[in-house]
1. Considering each residue of the stretch 29-60, count those that are within 14 Å of the chain's Cα centre (by Cα) and outside any helix (DSSP H, G or I), and give that number.
2. I'd like the full set of residues that are exposed (fewer than 15 other Cβ atoms within 10 Å of the Cβ) and either without any contact (Cβ under 8 Å) to a residue 24 or more places away in the chain or aromatic (Phe, Trp, Tyr) (or both), limited to the stretch 16-30.
3. Name every residue in the stretch 61-84 that is over 14 Å from Leu13 (Cβ atoms) and either part of a helix (DSSP H, G or I) or under 13 Å from the mean Cα position of the chain (by Cα) (or both), in order of residue number.
4. Take the stretch 31-50 and flag every residue that is of a type outside the set (Ser, Thr, Tyr), on the phi < 0 side of the Ramachandran plot and in contact (Cβ under 8 Å) with a residue 40 or more places away in the chain.
5. From the residues in the stretch 50-89 that are of a type in the set (D, E, K, R) and surrounded by 14 or more Cβ atoms within 10 Å (Cβ to Cβ), which one is modelled with the lowest pLDDT?
Amino acid sequence: MRNNRSSTPTAGLLADARLRANLSQRELAKRAGTSCSAVANYESGKVDPTVGTLERIIAACGMELRMEAVELTAADIEQYTLDASISAEDAYAMAESLRRCVVKIS
């Protein structure tokens, strides 16, 4: 299930950063030195960028990428399940991935 901005944390993060910077996908791609289709694929969740690429794209939005490890809770898993309407197993996998690397923008 990777077909909308909220389907992956990275997809939502990138779309949010771009919109907050008031940039089109084309403008962001030019600033970040990548293609418009790459930005679209990242924002749709079809492709996950490397951390280096994510950092470069966030910087092109005039922001800084910060990462923080946080403890996973049962409430997180429950919320992911409700929000995404996915199975508990898929929600757990997504939450476990987030536990390892939470990405924030400032």
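The values are calculated or read from the model by the stated rules, or taken from the named source; none is laboratory data. Note that the coordinates shown come from a computational prediction; the quantities given were computed from them, not determined experimentally. Neighbour counts are summed over all protein chains in view; Cβ atoms, including those assigned to glycine, are modelled from backbone coordinates with ideal geometry.
1. 6
2. Leu19, Asn22, Ser24, Arg26
3. Those that are over 14 Å from Leu13 (Cβ atoms) and either part of a helix (DSSP H, G or I) or under 13 Å from the mean Cα position of the chain (by Cα) (or both): Ala74, Ala75, Asp76, Ile77, Glu78, Gln79, Tyr80, Thr81, Leu82, Asp83, Ala84.
4. Residues satisfying the conditions are Lys46, Asp48.
5. Asp76
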